[in-house]
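Each remark here refers to the structure printed beneath this line.
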Amino acid sequence: MRAPSAFVSHGAPTLALDQRAGADFAAWARSFAAPRALLVISAHWERTPVRVGTAAGGPLIHDYSGFPPELRRLEYPAPGAPELAERLAQQLGAQRAPDRRWDHGVWVPLLHMYPAADVPLVQISLPSQLPGAEILALGRALAPLREDGVMILGSGGMVHNLGALDWSGGARPPAWALEFEAWARAVLVAGDFDQLADFQNAAPALDLAHPTLEHFLPLLVAAGAALPDETVKFPIAGFEYGSLSRLAAHFG
């Protein structure tokens, strides 16, 4: 069974508590067969070169502040996938990170997608210091895992500028956020992944859409893992807090 490759905009940590917004993630996950295992690349673990997390379960990482205390009581006790972790470490020539727990880019979307926490999970770091073409190539190297039922999941944000958010919830998306998201959609639909990898030259309003790049780069891994016969779907869309994109991309 070929598992999909996908990118999710994981939003604010409070998504974990929001059943209404989380329903989009749950409905999407129900639309395809559950994978045998998950390989997640999150904006919130940047290490170059790639490292492979081998921890499972245990305390979650709460790498944020100023949010409701209920978040710290949440758990996501999914099993690890030690054989997959070992395969990745050997394939990528990567160091193992046995003490690395799961950050909110991992557990926030998965709480809604697989609330039973019954899909084995491995996280690898985002090699954010590499050029875009090499991050795309990482996705291509991971693509064969999909034929073994491993879902490749990049977790970030299609438009992510915390300084521009309207926490009142009443603002409309600004023109620059719409322009950047429209560019990303068009590039993905066209399958022009060379332009995607050259986003620093090709993308409009990049400095506003991504003052830092870590929330965009997981998309390159997910796109790199797409196969030539696949088209992209956007199962989750819209904006929240004005300019924060909720767009998800699904290949497969």
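Every number in this text was worked out from the coordinates using simple rules, so none of it is lab data. Keep in mind it's a predicted model, so treat the numbers as computed, not measured. Glycine also receives a Cβ, built like all others from the backbone with ideal geometry; neighbour counts cover every protein chain displayed.
How much of the DSSP beta bridge set in the chain is antiparallel, as a percent to the nearest 5?
Values: 8 of 28 bridges.
Antiparallel bridges make up about 30 percent of those DSSP assigns within the chain.
State which helices in the chain qualify, where a helix is a whole DSSP H run, it must extend 18 Å or more along its own axis by its Cα atoms, and its mean Kyte-Doolittle hydropathy must be at least 0.5.
Length and hydropathy pass: 175-190.
Once you order the gyration tensor axes a ≥ b ≥ c over the Cα atoms, which shape class does the range 27-85 get: rounded for a/c under 1.5, otherwise prolate or oblate by comparing a/b with b/c?
oblate
Rank-order 195-203, 26-34 by packing density, defined as the average count of other C-beta atoms within 10 Å over each peptide's residues, highest first. Before the final figure, lay out each step's value.
Numbers: 195-203: 16.6, 26-34: 14.6.
In decreasing order of mean packing, 195-203, 26-34 become 195-203, 26-34.
Exposure proxy check: THR48, THR54 ranked by fewest other beta carbons within 10 Å?
Arranged by neighbour count, lowest to highest, THR48, THR54 become THR48, THR54.
In deg cm²/dmol, rounded to 500, what helix-only [θ] at 222 nm does the chain give when every DSSP H run of at least 4 residues adds -39500 (n - 2.57) and the total is split over its residues?
Working: 9 runs with 81 residues, N = 252.
Using -39500 (n - 2.57) per qualifying helix, the result is -9000 deg cm²/dmol.
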